[in-house]
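Laboratory data are not the source of any read-out in this text; all were calculated from the coordinates shown. In this text the structure is predicted, and so the values were computed from the model without any measurement. Positions of Cβ are backbone-derived with ideal geometry, glycine not excepted, and every protein chain shown enters the neighbour counts.
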Amino acid sequence: MDKAQNKTEQPTQHRLRKARQEGQSPQSQEMLSAATLATLVGAAALLGPWFTRWCKERIRTGLVPDTSVMENSQAFVGFMGRQVIDMMLVSLPFIALIFAAGVGVSLAISGLQYSPKALEWKLDKLSPAKGLKELFSTESLVKLGFSILKLLFIGVLVWIYLKERLDVLVTFQWVHMDRMLAAIGGLILGAAVRICVGLVVIGVLDLIYQKWKYIENLKMTKQEVRDEHRDTEGSPEVKSRIRRKQYEAAMQRMLQDVPKADVVLVNPTHVAVALRYDASKMQAPVVVAKGGDHMCEKIKDIARAYGVPIIRRPSLARELFATVKLGKPIPDALFVAVAEVLALVYRLRKNK
């Protein structure tokens, strides 16, 4: 069975994040084109009167030229420079609106992202063989068919609009030039609006398809999900080995504190708790080591080696072992019982 057919699992957040870092994100060129054209049509509708007046002024200036600009090359260059700057200033609002629309739609679709890997130079992009393969691929044929359907759809919308206004076109031969130009502008604007509507419909469908295709391309097999989980979280064997090492290190540090203890309370063979108390620094005795079974025997062996008293108090040892965490002071409820044991230890040391 083909591996692609086994990719039934939705992409994980790690997979999606990695794809975005590599510059992969759902994009719809159709939606971008629709937004750009709609913005251009809107700008033409809003700024059209002003732009028309500017064009008339330029035509009027051209029909009545200033001959002084032709006297020398410096005057002509200055005149042409002013015309170019004037044209750039007039075009600036349209360019700015189109740029803002393109950026806004891109951000709305895929969000803000920074992908240095997407800028990396890839030599395989220059391969003629790969280019020919992509040119005659199934995806290219699908795109070609989609483009033809798009043109047919837009063409039908425009034809229906113009067909209903053929009688208006016939009257142009009897109307004044200004009114004819205004009527033609209205027809062009109406056709452009319908083209925008058609492109928006196509863009929405294309966006839905692109997002679906994006997720489909990133889908994973069950094994890939397990491998990713193992790589990100670590294999159970590694985590178990790390936990064991951490436990051994903690136990080693704990056993190093046993010689500093004042007394070791035992159960006597199952539980051992080592206590230390310094009246000048501590408000209550602190559990510096504790352990059961094998660790209990280690604590007792170290205590014997360093001369730390071992006192048998089964119930008190069990209570301390169960309720007091390592390195924490004993609770107030057990203070009296522990104080009696410490008093006994101090008397034994004094009698030696």
(request) Consider just the alpha-carbon atoms of the stretch 224-352 and return their Rg together with their Dmax, both in angstrom. (result) 18.3, 71
(request) In nm, give the distance between the simple-model label positions of SER68 and VAL225, each being 7 Å from the Cα along the Cα-to-Cβ direction. (result) 8.1 nm
(message) Quick check: pseudo-label points 7 Å beyond the Cα along Cα→Cβ at LEU348 and ARG243, how many nm apart are they?
(response) 3.8 nm
(request) Output the peptides 281-294, 85-98 sorted from most to least packed, where packing is the average of other Cβ atoms within 10 Å over each peptide's residues. (result) 281-294, 85-98
(request) Describe numerically, in nm with one decimal, the distance between label points set 7 Å from Cα along Cα→Cβ at LEU149 and at ILE215. (result) 2.0 nm
(request) Using the charge dipole of the stretch 257-351 (Lys, Arg: +1 at Cβ; Asp, Glu: -1 at Cβ; taken about the Cα centre), state which of PRO285, LEU334, ILE302 has its Cα farthest towards the positive end. (result) ILE302
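Based on other C-beta atoms within 10 Å, arrange SER28, SER33 from fewest to most.
Numbers: SER28 23, SER33 19.
Sorted ascending by nearby Cβ count, the order is SER33, SER28.
Pairs of alpha-carbon atoms within less than 8 angstrom and 6+ residues apart define the contacts here; what relative contact order does the stretch 257-351 have, in percent? It would help to have the intermediate numbers written out before the result.
Values: 163 pairs, mean separation 30.7, N = 95.
For the stretch 257-351, the relative contact order is 32 percent.
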(request) Rank these for me by crowding, LEU218, LEU144, going from fewest to most other beta carbons within 10 Å. (result) LEU144, LEU218
(request) Output the pairs from LYS290/LYS350; LYS18/LYS245; LYS18/LYS222 with a Cα-Cα distance over 24 Å in this structure; if there are none, say none. (result) LYS290/LYS350; LYS18/LYS245
(message) Please report the spacing between the Cα centers of the stretch 139-159 and the stretch 239-281 in Å, no decimals.
(response) 78 Å
(request) Mind jotting down the distance between the C-alpha centroids of the stretch 323-352 and the stretch 200-228, whole Å? (result) 66 Å
